[in-house]
Amino acid sequence: MSTRIEGRVLRRGDYRYESRRREACWHAGVPDRYPEVIVLANNEDDVVAAVRVAREEGLQIAVRSGGHSWSGSHLRDGTVLIDLSNCGT
C-alpha cells in the first residue's frame with residue numbers, strides 16, 4: 001500500500017499553510033495552535049495515507065469534518081490535521 005496522497009498536503013512553513021490553518025476555523029478567533037501537517041483529503045485512500053504519515057512521523061491525529069467548532073478543537077500542535085471538508089467519501 002502506498003502513502004501517496006491525492007489531495008493537498010501542507011506542512012508548517014509551506015505556501016498557503018497559514019491561510020488553510022485559518023480557514024479551518026469558521027470565526028476570526030483562530031487559536032494559536034499549529035498542526036505539523038494539514039492533509040486536505042480527497043477520498044478514503046487519502047485518509048489512510050494521512051494516518052500512515054502520522055504514524056511514521058510520530059504525530060497524533062486531529063480531524064476536521066467541516067462542521068463548526070467554536071473552540072477550533074481540531075487545531076492542535078504536533079498533529080496531522082486530516083481535513084475531510086471536501087472529501088468525496
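We did not get these values from a lab; they are worked out from the coordinates using the rules stated. These numbers come from a predicted model, not from an experiment. Cβ: placed from backbone, ideal geometry, glycine included. Neighbour counts: every protein chain shown.
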Between the Cα axis of helix 44-57 and the main Cα principal axis of the chain, the angle (0 to 90°, nearest 10) is 80
Please compute the volume of the convex hull spanned by the alpha-carbon atoms of the chain and report it per residue in Å³.
82
Using 0.36 nm per residue of separation minus the Cα-Cα distance, give me the extension gain between TYR17 and ASP77 in nm, one decimal.
20.2 nm
Return the percentage of antiparallel bridges among DSSP beta bridges fully within the chain, rounded to the nearest 5 %.
30
Summed side-chain charge close to ILE82 - residues other than ILE82 whose Cβ falls under 9 Å, Lys, Arg +1, Asp, Glu -1:
-1
Tell me the trypsin sites (Lys or Arg not before Pro) within segment 1-36 that lie in a loop according to DSSP and have at most 16 other beta-carbon atoms within 10 Å.
ARG4, ARG12, ARG16
Env charge @ VAL37, Cβ radius under 9 Å, K,R +1 / D,E -1, value 0
Overall Cα dimensions of segment 1-42, principal axis frame, Å, largest first:
39, 19, 15
